[in-house]
Amino acid sequence: MLIQENLSTEEKLKILTGAARYDVACTSSGVGRSGKEGSLGNSRPDGICHSFAADGRCISLLKILFTNQCIYDCRYCINRRSNDTVRTAFTPDEICRLTIEFYRRNYIEGLFLSSGVLDTPDYTMEQLYRTLYLLRNKYCFNGYIHVKAIPGADPALIEMTGFLADRMSVNLELPTADGLKRLAPGKTREKILTPMRQIQLGIVRQMEKEGRQLPPGASSVLKEGIPFFSQEKEGRASLPGVRGNTRKNFPERAVSRQGVIPGKSVYGGFGMGRISNRRSYFVPAGQSTQLIVGATSESDYHMMRVAEALYQNFGLKRVFYSAFIRVNDDSLLPELPGGPPLLREHRLYQADWLMRYYGFQAGELLDERRPNFNIYLDPKCDWALRNLALFPVEINRAPYEVLLRVPGIGVKSAMRIVSARRQTALRFEDLKKIGVVLKRAVYFIMCSGRMMESVPIDEDAIADRLIGAERKKNLELGGSGLYRQLSLFDDFHLEAVKK
Amino acid sequence: MMVFLCENSPEGIFSGVYDAWMSRLGHKNVSLAVQGEYNYTLFSQCREVEACSWKAEKVVKAVREKISELAYSWIYRCALSPEPGRADVIYRFLIYGFHIGSGVTGYLQIPEVHGAFAMNRAVADEAHLLMEFVRFEELAGGILFAPINPKNDVTALLMPHFCDRMPEERFIIYDEKRKRAGVHTGGREWYFVSGEETRPLSELAGKTDRGEYAVLWRAFFSSIAVPERKNPVCQRSHLPLHFRSRMTEFQQQADGKSGK
Ligand code: SF4
């Protein structure tokens, strides 16, 4: 390993940014905190993007590694031990100065600090802790901080770090224990899930202490009633507590289902949202993780079941999906002649969104017999086409949860319909003003008992037209949660919702 | 038809709303316009409205109490729009607002409500984008300086955001087109400077930031993109070209001490 001692800050920045860019998370959302005298920074619950890189992705945080030295040899990772690259490390003060000076100029919302494993997990975690401690106390930084928890590090260190950070993450990377064993020899699922569970517990305890409403299932977490592992079966999601979903007829179920609260995740908010700027909180913006898409052979269905389990059992705020990029030439890694699976990644984000804000379950979108998403149609259109019998729905009567399931109607437009129809019955021409994408919605809706004239009602004809509209959009792939954190709904942002 | 000609500011327009409303000529017989933007037509008379803080405050108070905070934020933003019809859009919206009450902002099918909504949103969207994309350069003495050139008059929407997050910094946001600057010297307060006083600022605007951290930021910006995912179309859709000339990361390092 070639360790460079006397590089300039600019050279280090180039290396340690290039080494961090494959981690996709760059959001600064989940916590609202005002500025305070004597400090620099505040935080907005919906996050702020500051730029867009040449790959089209949002830049919100100074995303860097503390060091790209690593004792492990994960096959897919550019920083793996066996790669012959230049290694370097920042000093904590260098990181603090960059963060502060970038922030003052409005380049960033804060810091996303990750690291290769230097010597031991404990030593690495200690370095991250020291950096955050300096940044918060000596440099008086009150903006957003996202930090990695290093698997295998002493829980006490993780706990202390969590009180300085806004968000923490531990990347699961590969959805199965088997995949991990093959591609990340230094890691085990247990090693990754242990800090994840610790962080979840810390968040729940704090929410309880602060008198916040606990998300569904959180009290059982407190009693540590959920085991880490369930029996791993061939081809199934192997995280615990994933319930199969067999019920089919949605109207009753959607109506009776609790939890589809406009603008809020159905899994509940594991995190604090708005907080005081006078005290410190434990990971107030919640935790996230990342799954690599396409490095191993899991189906989309399998990925979604794992994500669902992570949301339900580990209280994650976000699961990020990262199309696999073959940065190392390694016989255990798949060849990707068509480039990284970006469309697949995009579909997973769409489906993830549907699960969190629309009340869909993984089992409704896909199943064992149809384990992968349609390339031509987004998951919601695809679902609606397979369930044509449930349509058309009446715009002027259908409950919020049912409106949400109509293609072309999103969270905002469903909310607007619900409030606008109190005044007068809505007509098709009103829907456009409200933000409904009529081009997609017309096949699935009625206004005052009538469908729009000359709209086809058979599956094939509808599919044809929807696919035509979709094809254009996919050329850009700009709509996924990865690109813009206009995730207005990551937390309830009143202004945005009312608009 | 009586046309009330208002000064071009929220205060001026709200004063116009007050006068038009209190004139008791009937909503059908009045309309509002901004001075200098109105084309005189046959069959209408004009009345100049003097901007007057107590009138404006009365309107604001009534809107907040009888309609809602949200409705107030709509009309305030509309007043910052450059659209010629803005004063009248506000007035027409308020007719429904005072009639319907707090629910009015939900009734987008009403054209007058939708008009105010859409205008307010255009202003809010631009303010939000600038909150993201505005870049400060450090001048001598540690003063931070950001030139902007927005379509809408959004400086007053940007200043509170930066005052909250940077209470200890001295900074200036300078609107090149309107020759007006928001100035913050510490704490939560800020003030406007306009006209001649802003002349030195216009000379500062439009230069490439060559500071140490600007160079580092450009290095970060080019290293963070994943080459295998290059996507200029997507980048452009999120970050329209017209913002870029003022953004540090898109300025050419070129001449002089460029990165080797
Ligand atoms: S632990 Fe694995 S994934 Fe993390 S930096 Fe080291 S080699 Fe890369």
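The values are calculated or read from the model by the stated rules, or taken from the named source; none is laboratory data. Model, not experiment: these values are computed from the prediction. Glycine gets a Cβ as well: all are built from the backbone with ideal geometry, and neighbour counts include every protein chain shown.
What the table below lists for this structure:
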{"quantity": "Hits in the range A:54-69 - residues which are of a type outside the set (Ser, Thr, Tyr) and in contact (Cβ under 8 Å) with a residue 60 or more places away in the chain", "calculated": "A:Gly56, A:Arg57, A:Cys58, A:Leu61, A:Phe66, A:Gln69"}
{"quantity": "Enumeration of residues in the range B:108-159 that are touching a strand residue (DSSP E or B) at 6+ places or on another chain (Cβ under 8 Å) and of a type in the set (Phe, Trp, Tyr)", "calculated": "B:Phe133, B:Phe136, B:Phe145"}
{"quantity": "Failed item in (1) more than 16 Å from the ligand (Cβ to nearest atom); (2) more than 11 Å from chain B (Cβ to nearest Cβ); (3) within 30 Å of A:Gly186 (Cα to Cα), with A:Leu62 passing the rest", "calculated": "(2)"}
{"quantity": "When residues of the range A:164-194 are limited to those that are away from the ligand (no atom under 16 Å from the Cβ) and not hydrophobic (A, V, I, L, M, F, W, C), the one farthest from A:Ser39 (Cα to Cα)", "calculated": "A:Asp178"}
{"quantity": "Any hit, the range A:145-163, residues being of a type in the set (Asp, Glu) and within 16 Å of the ligand (Cβ to nearest atom)", "calculated": "no"}
{"quantity": "Wholly enclosed helices (runs of 4 or more DSSP H) of the range A:407-455 bearing at least 3 residues among the charged types (D, E, K, R)", "calculated": "A:428-434"}
{"quantity": "Residue match in the range A:452-459 (condition: under 28 Å from A:Leu365 (Cβ atoms), more than 31 Å from the chain's Cα centre (by Cα) and without any contact (Cβ under 8 Å) to a residue 12 or more places away in the chain)", "calculated": "yes"}
{"quantity": "Candidates A:Val402, A:Val418, A:Val406 - the one that is within 13 Å of chain B (Cβ to nearest Cβ) and within 30 Å of the chain's Cα centre (by Cα)", "calculated": "A:Val418"}
{"quantity": "Verdict on A:Leu214 being touching a Cys at 6+ places or on another chain (Cβ under 7 Å) and either more than 14 Å from the ligand (Cβ to nearest atom) or not acidic (Asp, Glu) (or both)", "calculated": "no"}
{"quantity": "Positions within the range B:73-115 being of a type in the set (Phe, Trp, Tyr), within 14 Å of B:Phe14 (Cα to Cα) and out of contact with any Pro (no Cβ under 7 Å at 6 or more places or on another chain), in sequence order", "calculated": "B:Trp74, B:Tyr91, B:Phe93"}
{"quantity": "Selection from the range A:73-112 of residues that are without any contact (Cβ under 8 Å) to a residue 60 or more places away in the chain, away from chain B (no Cβ under 14 Å) and either more than 15 Å from the ligand (Cβ to nearest atom) or in contact with a helix residue (DSSP H, G or I) (Cβ under 6 Å, 6 or more places away or on another chain) (or both)", "calculated": "A:Thr91, A:Pro92, A:Asp93"}
{"quantity": "First in the range A:334-355 and farther than 22 Å from A:Ser288 by Cα, second anywhere and surrounded by fewer than 18 Cβ atoms within 10 Å (Cβ to Cβ), Cβ under 6 Å, 6 or more apart", "calculated": "A:Leu336/A:Arg326; A:Pro340/B:Glu228"}
{"quantity": "Filter pass, B:Ser202 being assigned to a helix (DSSP H, G or I) and loosely packed, with under 15 Cβ neighbours inside 10 Å", "calculated": "yes"}
{"quantity": "Members of the range A:398-428 found to be hydrophobic (A, V, I, L, M, F, W, C) and closer than 23 Å to A:Leu385 by Cβ, listed by number", "calculated": "A:Ala398, A:Val402, A:Leu403, A:Leu404, A:Val406, A:Ile409, A:Val411, A:Ala414, A:Ile417, A:Phe428"}
{"quantity": "Residue check for B:Ala118: in contact with a Pro (Cβ under 9 Å, 6 or more places away or on another chain) and not assigned by TED's automatic domain parsing to the domain that holds B:Pro240", "calculated": "no"}
{"quantity": "Checklist (1) within 14 Å of chain B (Cβ to nearest Cβ); (2) assigned to a strand (DSSP E or B) applied to A:Pro337, failing item", "calculated": "(2)"}
{"quantity": "Hits in the range A:37-50 - residues which are of a type outside the set (Val, Ile, Thr), within 7 Å of chain B (Cβ to nearest Cβ) and more than 20 Å from A:Ser322 (Cβ to Cβ)", "calculated": "A:Glu37, A:Gly38, A:Leu40, A:Gly41, A:Asn42, A:His50"}
{"quantity": "Flag for A:Asp46 being part of a loop (DSSP other than H, G, I, E, B), more than 16 Å from the ligand (Cβ to nearest atom) and charged (D, E, K, R)", "calculated": "yes"}
{"quantity": "Count - residues of the range B:161-183 that are in contact (Cβ under 8 Å) with a residue 24 or more places away in the chain and surrounded by fewer than 21 Cβ atoms within 10 Å (Cβ to Cβ)", "calculated": "9"}
{"quantity": "Close pairs (9 angstrom Cβ cut-off, 6 or more residues apart or separate chains): of a type in the set (Val, Ile, Thr) in the range A:167-178, within 11 Å of the ligand (Cβ to nearest atom) and in a loop (DSSP other than H, G, I, E, B) anywhere", "calculated": "A:Val170/A:Ile150; A:Val170/A:Pro151"}
{"quantity": "Subset of the range B:108-144 (residues that are outside any helix (DSSP H, G or I) and free of Cβ contacts under 8 Å to residues at least 12 places away in the same chain)", "calculated": "B:Leu108, B:Gln109"}
{"quantity": "Residue within the range A:123-130 that is away from the ligand (no atom under 16 Å from the Cβ), under 30 Å from B:Ile143 (Cβ atoms) and aromatic (Phe, Trp, Tyr) present", "calculated": "no"}
{"quantity": "Complete set of residues in the range B:207-242 that are buried (at least 19 other Cβ atoms within 10 Å of the Cβ), of a type in the set (A, V, I, L, M, F, W, C) and within 23 Å of A:Phe324 (Cα to Cα)", "calculated": "B:Phe220, B:Phe221, B:Ile224, B:Ala225, B:Val226, B:Cys234"}
{"quantity": "Residue within the range A:424-431 that is more than 30 Å from A:Lys264 (Cβ to Cβ), surrounded by fewer than 18 Cβ atoms within 10 Å (Cβ to Cβ) and more than 10 Å from chain B (Cβ to nearest Cβ) present", "calculated": "no"}
{"quantity": "Test: residue in the range A:262-276 that is aliphatic (A, V, I, L, M) and at pLDDT below 75", "calculated": "no"}
{"quantity": "Test result for B:Gly195, surrounded by fewer than 19 Cβ atoms within 10 Å (Cβ to Cβ), within 13 Å of chain A (Cβ to nearest Cβ) and among the small types (Gly, Ala, Ser)", "calculated": "no"}
{"quantity": "Pair list, Cβ < 8 Å and 6+ apart or interchain, from the range B:209-225 residues that are facing chain A (nearest Cβ under 7 Å) to residues that are of a type in the set (Phe, Trp, Tyr) and in a helix (DSSP H, G or I)", "calculated": "B:Tyr213/A:Phe102; B:Leu216/A:Phe102; B:Trp217/A:Phe102; B:Phe220/A:Phe102"}
